[in-house]
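Nothing in this text is a laboratory measurement; each read-out follows from the coordinates by a stated rule. Just so you know, these numbers come straight off a predicted model, no measurement behind them. Cβ sites come from the backbone with ideal geometry, for glycine too, and all protein chains shown count toward neighbours.
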Amino acid sequence: MWFIFALLSAVFAALTSILAKVGIEGVNSNLATAVRTVVVVVMAWGMVFLTHAQGGLSEIGRKSWLFLILSGLATGASWLCYYRALQIGEASKVVPVDKLSVVITLILAFLFLHEKFTAKSLIGCILIGAGTLLMVL
């Protein structure tokens, strides 16, 4: 089931890039990011209430709060940079560079989460990196 959700995530991320590139034309990138963020917040809280998950809010521990807040700050920084890059660059070049996050995530997961870094992971990282370079040059 995780694969289906991951695949849907990729499809929606692709749509996000195309829709954003069209929508950001003539709009300040920070303002566009703020508008997008409001939509995401409303949608996320809508899902919380739709699934009756709001009761779990009081059960979130301090460590989880800290890391969720840090993750939110990283997301915000990512979105601000992404929208600015989309505004001044071509989507076909911005998106592949943005997807280098896969390589960076694998390296960080190995270093900080002690996840396995296999030969397959290494080859995948090299191929993603090479593919990114090929697409942006």
*Looking only at residues in segment 90-137 that are part of a helix (DSSP H, G or I) and of a type in the set (Ser, Thr, Tyr), which one is surrounded by the most Cβ atoms within 10 Å (Cβ to Cβ)?*
Thr132
_Cβ contacts < 7 Å: first residue in contact (Cβ under 8 Å) with a residue 12 or more places away in the chain, restricted to segment 7-27; second residue among the small types (Gly, Ala, Ser) and part of a helix (DSSP H, G or I), any location; separation 6+ or different chain. Result?_
Ser17/Ala91; Ile18/Ala91; Lys21/Ala91; Ile24/Ala32
_Residue satisfying all of: in segment 43-60; of a type in the set (Val, Ile, Thr) and surrounded by 10 or more Cβ atoms within 10 Å (Cβ to Cβ); farthest from the chain's Cα centre (by Cα) among these_ = Ile60
_Sole residue being surrounded by 14 or more Cβ atoms within 10 Å (Cβ to Cβ), in contact with a Phe, Trp or Tyr (Cβ under 6 Å, 6 or more places away or on another chain) and touching a residue at least 40 places away in the same chain (Cβ under 8 Å), chosen from Thr33, Thr37_ = Thr33
*Going by the structure shown, is Phe67 without any contact (Cβ under 8 Å) to a residue 12 or more places away in the chain, touching a Phe, Trp or Tyr at 6+ places or on another chain (Cβ under 6 Å) and surrounded by 10 or more Cβ atoms within 10 Å (Cβ to Cβ)?*
no
